[in-house]
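Everything on this sheet refers to the single structure shown next.
The values are calculated or read from the model by the stated rules, or taken from the named source; none is laboratory data. Everything numeric in this text was worked out from a predicted model, so none of it was measured. Cβ coordinates were reconstructed from backbone atoms using ideal geometry, including for glycine residues, and neighbour counts include every protein chain displayed. The accessibility values were calculated without ligands, DNA or RNA, using every heavy atom of the protein model including side chains. Shrake-Rupley method; radii C 1.70, N 1.55, O 1.52, S 1.80 Å.
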Amino acid sequence: MSESAAKKKSAGTSGPGGTGKPGKSGKTGRPGKTAVKSADSAGRSGAAAVAGAEQGASGGAPRLSVLKTYKLFVGGKFPRSESGRVYEVTDSKGGWLANAPLSSRKDARDAVSAARKAFGGWSGATAYNRGQVLYRVAEMLEGRREQFAAEVADAEGRTPAAAAAQVDAAIDRWVWYAGWSDKVAQIAGSANPVAGPYFNLSTPEPTGVVAVLAPQESSLLGLVSVVAPAIATGNTVVVVTSERSPLPALSLAEVLATSDVPGGVVNVLSGRAAELGPPLASHQDVNAIDLAGAQGELAVELEIAAADNLKRVRRPAPVDWTADPGTDRMLGFLETKTVWHPTGALGAAGSAY
């Protein structure tokens with residue numbers, strides 16, 4: 001079988017709202033085409049298939065293309081979209097790259113449930129431990145640097161050198177936030193002077209579950225810049241990837257799964273921000289939302305929906321993702337707890353407000 005013939009048989013599924021007809025294997029390959037058939041169904045025995053593979057490895061007949069099946073990342077696992085839908089992802093020149101899962105409202109609700117379940121353990125971990133976990137993610141990204149550079153180059157139309165610089169900046173940003181995880185309390189907390197025999201201490205605490213609409217134009221560096229500060233301070237996250245360029249984010253999910261990040265701390269959904277944003281903004285168990293990837297009327301709609309349970313909202317604004325990020329995104333998803341405690345009265349119970 002020639003390579004061109006094999007590619008015509010590459011995998012692809014799409015249900016209602018997808019971009020092609022359902023394929024036989026259920027894998028997300030080229031839309032509207034059936035999956036690559038097994039050796040037996042193509043009229044070749046297992047031995048013949050092995051022989052063909054060996055010939056390909058030795059410079060003979062070309063091998064069949066092994067197309068990657070991209071999936072969501074929810075609760076530390078890689079499910080397909082509940083809807084069974086996919087959509088076509090293309091490079092900057094319109095060339096087909098892959099099919100990505102088209103997440104549904106049900107997927108969004110499942111992701112919020114997973115994030116809530118993980119919140120207690122993650123927020124209860126020491127800040128130093130969270131920093132170690134984030135640093136491990138940076139280590140894993142460094143080991144897959146070439147893969148991410150290629151994906152960013154395809155997604156954003158950058159030269160190889162420019163794409164590699166974006167990946168390096170994303171890795172450095174993980175390290176930067178890892179270092180801040182056990183230091184942010186020093187700038188967000190304080191010992192307050194009061195008129196009376198009391199200690200008055202303000203300490204930062206994570207807000208809870210944060211929904212994030214990732215930047216549309218910066219598929220990796222922008223994504224890291226909105227996810228890392230939220231989890232560094234003890235929040236858990238449901239992130240909707242860049243709709244046009246979701247592949248670097250879906251690959252980042254594989255890094256998170258094989259690092260020390262507990263399942264559910266980061267949940268990754270690919271699909272349409274206009275479809276996933278409203279159920280996340282109106283969800284009663286979401287405590288905050290970052291609208292970095294929302295634009296125009298959608299951003300206004302999501303702000304209104306978020307007001308229903310008084311979510312914290314970070315409005316979209318033009319951002320240079322290569323610039324020093326500062327501490328704004330970390331501080332934006334922290335609550336302040338103030339504790340009063342009598343001085344000179346050992347064992348007396350204080351009161352918190």
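Anything in the stretch 284-301 that is in contact (Cβ under 8 Å) with a residue 40 or more places away in the chain and assigned to a helix (DSSP H, G or I)? List them, or say none.
None; the set is empty.
Within the stretch 229-236, does at least one residue satisfy the condition of being assigned to a helix (DSSP H, G or I), touching a helix residue (DSSP H, G or I) at 6+ places or on another chain (Cβ under 6 Å) and closer than 16 Å to Gln132 by Cα? If you could, list the steps in order and put the result at the bottom.
If we filter the stretch 229-236 for residues that are assigned to a helix (DSSP H, G or I), which is where we start, we get 229-232.
In the following step, the residues that additionally are touching a helix residue (DSSP H, G or I) at 6+ places or on another chain (Cβ under 6 Å) were identified as 229, 232.
Restricting the remaining residues to those that are closer than 16 Å to Gln132 by Cα gives 229, 232.
Within the stretch 229-236 (the criterion being assigned to a helix (DSSP H, G or I), touching a helix residue (DSSP H, G or I) at 6+ places or on another chain (Cβ under 6 Å) and closer than 16 Å to Gln132 by Cα), the answer is yes, since at least one residue qualifies.
For every residue, the table says whether it meets (1) modelled with pLDDT of 95 or more; (2) open to solvent by less than 50 Å² (accessible area, probe 1.4 Å); (3) within 15 Å of Ile231 (Cβ to Cβ).
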| site | (1), (2), (3) |
| --- | --- |
| Ala51 | no, yes, no |
| Gly59 | no, no, no |
| Leu64 | no, no, no |
| Ala125 | yes, yes, yes |
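Report, by residue number, each residue of the stretch 152-163 that is part of a helix (DSSP H, G or I) and either at pLDDT below 95 or open to solvent by 30 Å² or more (accessible area, probe 1.4 Å) (or both).
Step one: list which residues in the stretch 152-163 are part of a helix (DSSP H, G or I), which gives 152-156, 160-163.
Those that are part of a helix (DSSP H, G or I) and either at pLDDT below 95 or open to solvent by 30 Å² or more (accessible area, probe 1.4 Å) (or both): Asp154, Ala155, Glu156, Pro160, Ala161, Ala162.
Can you tell me which of (1) part of a helix (DSSP H, G or I); (2) under 30 Å from Ser282 (Cβ atoms); (3) among the polar types (S, T, N, Q) is the one Gln166 doesn't meet?
(2)
Does any residue of the stretch 276-283 turn out to be among the hydrophobic types (A, V, I, L, M, F, W, C), in a loop (DSSP other than H, G, I, E, B), in contact with a strand residue (DSSP E or B) (Cβ under 8 Å, 6 or more places away or on another chain) and crowded, with 18+ Cβ neighbours inside 10 Å?
Of the residues in the stretch 276-283, the ones among the hydrophobic types (A, V, I, L, M, F, W, C) are 276, 280-281.
Then keep just the ones that are in a loop (DSSP other than H, G, I, E, B); that gives none.
Looking for residues that are among the hydrophobic types (A, V, I, L, M, F, W, C), in a loop (DSSP other than H, G, I, E, B), in contact with a strand residue (DSSP E or B) (Cβ under 8 Å, 6 or more places away or on another chain) and crowded, with 18+ Cβ neighbours inside 10 Å, one finds none in the stretch 276-283, hence no.
Within the stretch 196-205, does at least one residue satisfy the condition of being among the hydrophobic types (A, V, I, L, M, F, W, C) and farther than 24 Å from Asp328 by Cα?
Of the residues in the stretch 196-205, the ones among the hydrophobic types (A, V, I, L, M, F, W, C) are 199, 201.
The next check asks that each one be farther than 24 Å from Asp328 by Cα; those that pass are 199.
Yes, that holds for at least one residue.
Of the residues that make up the stretch 127-142, is at least one surrounded by fewer than 20 Cβ atoms within 10 Å (Cβ to Cβ), touching a residue at least 24 places away in the same chain (Cβ under 8 Å) and on the phi > 0 side of the Ramachandran plot?
no
Pick from the stretch 327-346 the residues that are open to solvent by less than 40 Å² (accessible area, probe 1.4 Å) and either among the small types (Gly, Ala, Ser) or touching a Cys at 6+ places or on another chain (Cβ under 9 Å) (or both): which of them is farthest from Pro229 (Cα to Cα)? Let's see the steps before the verdict.
Pass one, the stretch 327-346, residues open to solvent by less than 40 Å² (accessible area, probe 1.4 Å): 327, 329-330, 332-334, 338, 342, 345.
Add one more test, that the residue is either among the small types (Gly, Ala, Ser) or touching a Cys at 6+ places or on another chain (Cβ under 9 Å) (or both), and what stays is 332, 345.
Details: Gly332: 9, Ala345: 39 Å.
Filtering the stretch 327-346 for residues that are open to solvent by less than 40 Å² (accessible area, probe 1.4 Å) and either among the small types (Gly, Ala, Ser) or touching a Cys at 6+ places or on another chain (Cβ under 9 Å) (or both), the one farthest from Pro229 (Cα to Cα) comes out as Ala345.
Would the stretch 269-286 turn up any residue that is within 10 Å of the chain's Cα centre (by Cα) and not charged (D, E, K, R)? Quick ask: steps written out before the conclusion?
Taking the stretch 269-286 first, the residues within 10 Å of the chain's Cα centre (by Cα) are 269-270.
With the extra rule that they be not charged (D, E, K, R), the set shrinks to 269-270.
Within the stretch 269-286, one or more residues are within 10 Å of the chain's Cα centre (by Cα) and not charged (D, E, K, R).
What tally of residues in the stretch 238-261 results from selecting those that are open to solvent by 10 Å² or more (accessible area, probe 1.4 Å), part of a loop (DSSP other than H, G, I, E, B) and in contact with a Phe, Trp or Tyr (Cβ under 9 Å, 6 or more places away or on another chain)?
2
For (1) more than 29 Å from Ala100 (Cα to Cα); (2) among the aliphatic types (A, V, I, L, M), each residue gets a yes or a no:
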{"position": "Pro160", "(1), (2)": "no, no"}
{"position": "Ala163", "(1), (2)": "no, yes"}
{"position": "Ser181", "(1), (2)": "yes, no"}
{"position": "Val184", "(1), (2)": "yes, yes"}
{"position": "Phe199", "(1), (2)": "yes, no"}
{"position": "Pro206", "(1), (2)": "yes, no"}
{"position": "Ser219", "(1), (2)": "no, no"}
{"position": "Val226", "(1), (2)": "no, yes"}
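So which residues in the stretch 169-200 are under 26 Å from the mean Cα position of the chain (by Cα) and open to solvent by 50 Å² or more (accessible area, probe 1.4 Å), if there are any at all?
Asp172, Val175, Trp176, Trp180, Asp182, Lys183 - these are the residues of the stretch 169-200 that are under 26 Å from the mean Cα position of the chain (by Cα) and open to solvent by 50 Å² or more (accessible area, probe 1.4 Å).
Could you pull out the residue among Gly271, Gly264 that is open to solvent by less than 10 Å² (accessible area, probe 1.4 Å), of a type outside the set (A, V, I, L, M) and in contact with a Gly (Cβ under 8 Å, 6 or more places away or on another chain)?
On the way: Gly271 fails: in contact with a Gly (Cβ under 8 Å, 6 or more places away or on another chain).
Matching residue, one of Gly271, Gly264: Gly264.
Quick check on Ala114: is it in a helix (DSSP H, G or I) and within 19 Å of the chain's Cα centre (by Cα)? First the steps, then the outcome.
Numbers: in a helix (DSSP H, G or I): yes; within 19 Å of the chain's Cα centre (by Cα): yes.
Considered against the rule, which asks whether it is in a helix (DSSP H, G or I) and within 19 Å of the chain's Cα centre (by Cα), Ala114 comes out as yes.
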